[in-house]
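**Student:** Below is one structure. I have some questions about it.
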Amino acid sequence: VVAVDAAPDLSRPLYSQSTAASMAAAILRSASAIAVPSAATAAALRHHPAFHLVAGRLRPRVTSHRIPQLRRAAFAMTPSVATSTTHQTGEWDAVPGLSLRDHRFEVPLDYSDPDGSSITVFAREVVAAGKEDTYLPYLLYLQGGPGFESPRPSEACGWIKKACEDYRLVLLDQRGTGLSTPLTPSSLAQISSATEQVEYLKHFRADNIVRDAENIRLRLVPCAKPWTVLGQSYGGFCAVTYLSSAPEGLQAVLLTGGLPPLGEACTADTVYRACYKQVQQQNEKYYKRYPQDMQVMHDIVRYLNESEGGGVPLPSGGRLTPKMLQCLGLSGLGSGGGFERLHYLLERVWDPILAPGAKKSISYYFLKEFEMWLGFDQNPLYALLHESIYCQGSSSKWSAERIRSEYESLFDPIKATEEGRPVYFTGEMVFPCMFDEIHALQNLKEAAHLLAAKEDWPPLYDISVLNNNKVPVAAAVYYEDMYVNFNIAKETASQIAGIRLWVTNEYMHSGLRDSGWHVFEHLMGLLNGKRPLF
């Protein structure tokens with residue numbers, strides 16, 4: 001049970017020596033297995049009452065226990081929190097080059113109401129094959145999003161292979177994603193009213209993701225030692241929240257395209273103004289690369305605009321309109337290989353004419369691929385909570401839609417077609433029309449509007465803590481990042497004491513996916529002194 005002081009004293013250490021010792025013993029008893037660093041230690045633990053031999057292997061005795069009192073920044077953890085201690089551990093599994101083990105943790109939905117509803121949070125432990133019992137420091141990975149699960153490794157490759165050379169990797173499915181009580185259109189339908197849906201959804205932001213991570217660290221890491229965190233994109237936003245609220249749980253932090261905007265009550269307007277300018281530049285690059293696609297887009301926009309209702313049905317029951325067509329830029333303009341994939345998709349837009357007199361029509365292939373590109377039917381949290389990640393004590397009021405009106409002369413698809421200009425794609429933006437035109441989101445429309453108007457979002461960052469940061473931090477900042485603006489990232493970096501930046505235009509926002517080995521190695525070099533300061 002984790003309890004938090006009602007009046008936190010930030011000048012005092014998180015744990016006293018005696019408290020730390022008690023916590024270590026409690027956590028060792030609750031763990032499912034422990035990596036023992038030496039034969040001498042193993043021999044000593046055989047006679048410790050917290051351990052016994054099972055099938056020739058040293059295992060901890062599982063008993064109920066209490067984890068002593070924690071101290072947290074006032075905004076970060078709600079007073080008098082008691083967290084459940086349920087932790088289920090699976091057996092080791094294997095893929096080429098890696099061993100994997102599943103963990104499921106029961107945590108409160110609302111940490112201010114520990115006796116209320118609970119959810120399950122899933123994490124997958126990953127080590128290099130043969131290192132299952134090797135003592136290794138822990139590395140927690142936080143995925144981008146919001147609303148997307150961690151990677152599912154099928155072999156040792158990329159940054160995961162590199163990380164597992166020196167770390168025991170924990171791939172966390174953030175609450176509401178993957179196997180962590182996933183929130184899907186079908187599961188959210190169990191909550192009948194939009195108001196109740198909002199009351200549930202408000203608990204799925206970075207503040208509670210960090211609380212879950214700390215909860216897991218205390219149960220999973222031997223002696224509750226600090227771990228290193230790697231945050232990609234929105235996962236980096238969560239890592240900065242972690243730096244603000246629980247830095248004592250962090251050994252180091254690695255950020256890849258994940259420095260959030262700080263300061264204002266709601267930074268969404270600032271973000272989208274910068275984003276529209278960057279998206280405009282990406283569109284100009286795209287049409288310079290594929291000038292023939294300007295005419296293809298004109299033909300599609302005319303076809304959709306002249307269709308009944310201003311669009312055509314999608315396979316799932318939604319509707320493709322000119323404005324929805326522009327949303328292909330979300331995946332096509334900002335990631336490695338995106339230009340090529342978008343161009344190849346547009347090559348397949350029309351059905352062939354097989355019979356004389358048959359009408360021109362958009363192909364099923366294109367319509368189905370369009371739905372798969374957006375992916376909102378499987379990950380609705382991205383659409384529902386996207387703008388709220390920028391809110392602290394203020395509402396977003398559909399920021400992307402409002403700021404779009406300032407650039408409407410550039411982003412109006414029908415006007416651009418009539419004037420013979422390129423039809424610009426949009427970027428990482430969520431618009432109200434998505435809850436009309438995407439079938440899986442239609443029943444969540446009212447909740448989306450309530451979330452956009454919600455003002456009482458709790459704080460996510462503490463600038464005073466970041467200004468006095470002592471945790472080593474290394475960040476990859478992508479110069480042409482369409483999702484996390486370079487200038488905003490630089491401004492945030494200036495607020496985090498001791499951060500080391502790697503600014504590069506070699507990669508786009510997807511650098512960790514596209515060249516993960518190199519990106520991870522470079523960031524680790526910044527932390528361990530293998531890379532020069534300048």
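**Student:** Give the residues of the stretch 279-308 that are touching a Pro at 6+ places or on another chain (Cβ under 8 Å) and more than 27 Å from TYR483 (Cα to Cα), sorted by residue number.
**Tutor:** Correct list: LEU304, ASN305.
**Student:** Does VAL503 fit the bill of being over 30 Å from LEU320 (Cβ atoms) and either touching a Ser or Thr at 6+ places or on another chain (Cβ under 9 Å) or in a loop (DSSP other than H, G, I, E, B) (or both)?
**Tutor:** Against the criterion (over 30 Å from LEU320 (Cβ atoms) and either touching a Ser or Thr at 6+ places or on another chain (Cβ under 9 Å) or in a loop (DSSP other than H, G, I, E, B) (or both)), VAL503 does not qualify.
**Student:** Would you point out which residue out of LYS415, LYS445, LYS359, LYS368 is open to solvent by 70 Å² or more (accessible area, probe 1.4 Å) and outside any helix (DSSP H, G or I)?
**Tutor:** None of the other options fit; the residue is LYS359.
**Student:** I'm told PRO315 meets every condition in (1) in a helix (DSSP H, G or I); (2) over 30 Å from THR504 (Cβ atoms); (3) in contact with a Phe, Trp or Tyr (Cβ under 8 Å, 6 or more places away or on another chain) except one. Can you identify the failing condition by its number?
**Tutor:** (1)
**Student:** Another question, then. Checking GLY144 against (1) surrounded by fewer than 20 Cβ atoms within 10 Å (Cβ to Cβ); (2) under 24 Å from LEU218 (Cα atoms); (3) of a type in the set (Gly, Ala, Ser), only one condition comes out false. Which one?
**Tutor:** Every condition holds for GLY144 apart from (1).
**Student:** Filter the stretch 92-127 down to residues that are open to solvent by 10 Å² or more (accessible area, probe 1.4 Å) and not hydroxyl-bearing (Ser, Thr, Tyr), then give me how many there are.
**Tutor:** Of the residues in the stretch 92-127, 18 are open to solvent by 10 Å² or more (accessible area, probe 1.4 Å) and not hydroxyl-bearing (Ser, Thr, Tyr).
**Student:** Residues in the stretch 392-399: is at least one at negative phi, under 19 Å from the mean Cα position of the chain (by Cα), open to solvent by less than 20 Å² (accessible area, probe 1.4 Å) and not assigned by the TED database to the domain that holds SER187?
**Tutor:** no
Matching residues to (1) in contact (Cβ under 8 Å) with a residue 60 or more places away in the chain; (2) more than 30 Å from the chain's Cα centre (by Cα); (3) assigned by the TED database to the domain that holds GLY332:
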position: ARG402; (1), (2), (3): yes, no, yes
position: TYR407; (1), (2), (3): yes, no, yes
position: LYS415; (1), (2), (3): no, yes, yes
position: PRO422; (1), (2), (3): yes, yes, yes
position: VAL430; (1), (2), (3): no, no, yes
position: ILE438; (1), (2), (3): yes, no, yes
position: LEU444; (1), (2), (3): yes, no, yes
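**Student:** Find all pairs meeting these conditions: Cβ atoms under 8 angstrom apart; at least six residues apart or on different chains; first residue within the stretch 127-140 and assigned by the TED database to the domain that holds GLN251; second residue among the β-branched types (Val, Ile, Thr) and assigned to a loop (DSSP other than H, G, I, E, B).
**Tutor:** Correct list of pairs: VAL127/THR134; ASP133/VAL36; TYR135/VAL36; TYR138/VAL221.
**Student:** For the stretch 326-344, name all the residues that are of a type outside the set (S, T, N, Q), surrounded by fewer than 22 Cβ atoms within 10 Å (Cβ to Cβ) and part of a helix (DSSP H, G or I). Steps first, please.
**Tutor:** Step one: filter the stretch 326-344 for residues of a type outside the set (S, T, N, Q), giving 327-330, 332-334, 336-344.
Within this subset, residues satisfying the condition of being surrounded by fewer than 22 Cβ atoms within 10 Å (Cβ to Cβ) are 328, 336-344.
Result: LEU328, GLY338, PHE339, GLU340, ARG341, LEU342, HIS343, TYR344.
**Student:** Mind telling me which of the residues VAL221, VAL198 ends up being under 26 Å from PHE520 (Cβ atoms) and of a type in the set (Val, Ile, Thr)?
**Tutor:** Numbers: VAL198 fails: under 26 Å from PHE520 (Cβ atoms).
Going through VAL221, VAL198 in turn, just one is under 26 Å from PHE520 (Cβ atoms) and of a type in the set (Val, Ile, Thr): VAL221.
**Student:** Residue by residue through the stretch 479-534, note down the ones that are closer than 18 Å to TYR167 by Cα, among the polar types (S, T, N, Q) and surrounded by 21 or more Cβ atoms within 10 Å (Cβ to Cβ).
**Tutor:** Matches in the stretch 479-534: none.
**Student:** In addition: Restricting attention to helices (runs of 4 or more DSSP H) lying wholly within the stretch 190-266, give those where 3 or more residues are in contact with a helix residue (DSSP H, G or I) (Cβ under 7 Å, 6 or more places away or on another chain) and charged (D, E, K, R). Spell out how you get there, then give the answer.
**Tutor:** Details: elements: 194-201, 206-220, 234-245.
By residue number, 206-220.
**Student:** Can you pull out the residues in the stretch 185-236 that are more than 16 Å from the chain's Cα centre (by Cα), of a type outside the set (A, V, I, L, M) and open to solvent by less than 20 Å² (accessible area, probe 1.4 Å)?
**Tutor:** GLN197, GLU214, ASN215, ARG217, ARG219, TRP227, THR228
**Student:** Another one. Can you name the condition, by its number, that ILE353 falls short on among (1) within 26 Å of the chain's Cα centre (by Cα); (2) exposed (fewer than 13 other Cβ atoms within 10 Å of the Cβ)?
**Tutor:** Unmet condition: (1).
**Student:** Which of the residues spanning the stretch 305-321 are open to solvent by less than 10 Å² (accessible area, probe 1.4 Å) and more than 16 Å from GLU369 (Cβ to Cβ)?
**Tutor:** If the condition is that a residue be open to solvent by less than 10 Å² (accessible area, probe 1.4 Å) and more than 16 Å from GLU369 (Cβ to Cβ), then GLY311 is the only one that fits.
**Student:** Of these, LEU354, LEU345, LEU320, which one is of a type outside the set (D, E, K, R) and in contact (Cβ under 8 Å) with a residue 40 or more places away in the chain?
**Tutor:** Going through LEU354, LEU345, LEU320 in turn, just one is of a type outside the set (D, E, K, R) and in contact (Cβ under 8 Å) with a residue 40 or more places away in the chain: LEU320.
Results for (1) closer than 23 Å to GLY236 by Cα; (2) among the acidic types (Asp, Glu); (3) touching a residue at least 12 places away in the same chain (Cβ under 8 Å), shown as yes or no for each residue.
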residue	(1), (2), (3)
GLU149	yes, yes, yes
PRO153	yes, no, yes
ALA156	no, no, yes
GLU165	yes, yes, yes
VAL170	yes, no, yes
THR177	yes, no, yes
SER180	yes, no, yes
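The values are calculated or read from the model by the stated rules, or taken from the named source; none is laboratory data. Please read all numbers here as calculations on a predicted model, not as lab measurements. In this analysis, Cβ positions are derived from the backbone assuming ideal geometry, glycine residues included, and neighbour counts consider all displayed protein chains. Calculation scope for accessible area: heavy atoms of the full protein, side chains included, ligands and nucleic acids excluded. Shrake-Rupley method; radii C 1.70, N 1.55, O 1.52, S 1.80 Å.
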